[in-house]
Amino acid sequence: MSKAKEGEVRHSTTALQSANFRRTLGTFATGVTVVATRSKDDEVRAFTANSFTSVSLDPPLVLACLARRSASVGAFANVDGYSISVLEASQLPLSDAFASRNPETKLAATTHLCGDTVPYVPDSLATFLCTPEQVVDAGDHLILIGKVERFVVNKSRPLACLRGAYVGVEAAPLEKAPVRASVTVGGVLGQNGRVLLVRSPGSSMWSTPTVALHSGIRFEHALQQRFSGIGV
């Protein structure tokens with residue numbers, strides 16, 4: 001491993017401290033969700049989770065993580081369905097309430113949920129109604145994998161979490177830009193033991209000709225255009 005840079009703090013996983021590990025994980029900015037269900041004895045149970053992600057598009061699967069120490073573990077281990085609501089900025093108080101360890105605070109917050117069969121947060125950024133697909137035992141957490149049966153999405157400002165604190169997310173143009181994988185193709189042209197190399201203006205680095213592959217263009221056509229552009 002290279003020498004640590006100035007200002008960089010490194011922690012060994014062989015002597016990992018839980019608090020340091022948690023703070024480091026907090027550098028990954030996330031959204032905030034409330035996961036809710038109705039237990040077999042008709043009691044509404046819910047918890048706040050920022051450990052939420054998509055798992056599969058076909059079938060549509062998502063997951064959320066529930067701490068094993070949570071009082072809701074028993075309820076979520078034996079239900080027919082649950083919801084995952086992605087909170088918007090004004091719903092910060094609900095996030096705090098369902099993250100609380102005070103049973104009375106959580107109970108009061110359940111009055112803000114809707115849904116006769118499966119409770120959910122109304123007017124949230126998005127809501128996924130799920131049926132249980134799998135529960136994975138993972139250390140001090142349970143991973144709840146659910147199959148999405150229905151979902152709804154709204155336009156609003158998201159509630160986000162970074163380094164253990166809520167942060168605002170504005171709809172800046174850069175944040176609206178679609179995220180897509182960058183694909184670059186290259187071609188090797190050789191003759192008599194020699195290979196064609198090119199370099200960009202002002203660069204001292206030589207490389208084989210490459211071109212970014214845009215949507216709707218076949219790679220062979222993109223390479224033909226690249227070679228034509230350099231006079232081949």
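The values are calculated or read from the model by the stated rules, or taken from the named source; none is laboratory data. Nothing here was measured: the structure is a model prediction, and the numbers come from that model. Heads up, the Cβs are rebuilt from the backbone with ideal geometry, glycines too, and the neighbour counts pull from every protein chain shown. Note: areas computed on protein heavy atoms with side chains; ligands, DNA, RNA excluded. Shrake-Rupley method; radii C 1.70, N 1.55, O 1.52, S 1.80 Å.
State the extension gain, in nm to one decimal, for the chain segment bounded by residue 90 and residue 199, taking 0.36 nm per residue of separation less the distance between their alpha-carbons. Present the calculation step by step, with values, prior to reporting the outcome.
Working: separation 109, 0.36 × 109 = 39.24 nm, distance 5.19 nm.
Gain on extension, residue 90 to residue 199, equals 34.0 nm.
For residue 56 and residue 225, what is the calculated FRET efficiency with R₀ set at 41 Å and r taken between the beta-carbons, to the nearest 0.05?
About 0.65, to the nearest 0.05.
When only Cα pairs under 8 Å and 6 or more residues apart are kept, what is the percent relative contact order across segment 97-162?
Values: 73 pairs, mean separation 15.9, N = 66.
Rounded, it is 24 percent for segment 97-162.
Keeping every protein chain in place, order 88, 149 by accessible area at 1.4 Å, biggest value first, i.e. largest first. It would help to have the intermediate numbers written out before the result.
Values: 88 25, 149 100 Å².
From most accessible down to least: 149, 88.
What part of the accessible area of segment 9-147, given as a whole %, is carbon or sulfur when the probe is 1.4 angstrom?
On the way: 4240 of 7820 Å².
That share works out to 54 percent.
Once you have the Cα-Cα distance between residue 101 and residue 157, take 0.36 nm times their residue separation minus that, and quote the gain in nm to one decimal.
On the way: separation 56, 0.36 × 56 = 20.16 nm, distance 2.69 nm.
Residue separation times 0.36 nm, minus the Cα-Cα distance, leaves 17.5 nm.
How would you rank 108-117, 25-34, 48-57, highest first, on the average number of other Cβ atoms within 10 Å across their residues?
Numbers: 108-117: 13.9, 25-34: 17.5, 48-57: 15.4.
Ranking, from highest mean packing down: 25-34, 48-57, 108-117.
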